[in-house]
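Inspection log for the structure reproduced underneath, given as structure tokens.
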Amino acid sequence: EAGDHSYGRKAYMAYVTEGLGNLLEWDEIMMFQRKNGSFFNCPSTTAATLVNHYNDKALQYLNCLVSKFGSAVPTVYPLNIYCQLSWVDALEKMGISQYFVSEIKSILGTTYV
């Protein structure tokens, strides 16, 4: 349990990187990078990480967003993440998630990997 608390703290600190600058161990933050190059699917967190710890995948993620949206990017990208997670949550709460196992695995795999 203490290990889980430590991981949760590290994840939170990574998520709020924008204002922490030199207070973070940037090499540790890298474990939270998603397959798409982002950190928590958040452009601002990804940009803050990139400024402090250069990473090609993070730069590629941000360049993709700027190409797609111009100078005003969304706070979360891909945009459908929260909708999909809400869907998973609703299925769990209704007690019918066992009928959607492959769909749920796909959503969670895309979101958290």
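Read-outs: derived from the displayed coordinates by stated rules, not from any lab. Keep in mind that what you see is a predicted model, and the values were worked out from it rather than measured.
List, in order, the whole-Hz ³J(HN,Hα) value for each residue of the range 41-50 obtained from phi through the Karplus relation with A = 6.51, B = -1.76, C = 1.60 and θ = phi - 60°; use x for Gly and Pro.
Coupling constants for the range 41-50: 6, 10, x, 5, 5, 5, 5, 5, 5, 4 Hz.
Each residue of the range 83-94 in order: what ³J(HN,Hα) in whole Hz does its phi give by Karplus 6.51 cos²θ - 1.76 cosθ + 1.60, θ = phi - 60°, with x for Gly and Pro?
The phi angles translate into 4, 5, 5, 5, 4, 4, 4, 5, 4, 4, 5, 7 Hz.
Which cross-chain or sequence-distant (5 or more) residues have an amide H under 5 Å from the amide H of Asn41, H modelled 1.01 Å from N in plane?
Answer set, sorted by chain and number: Arg34.
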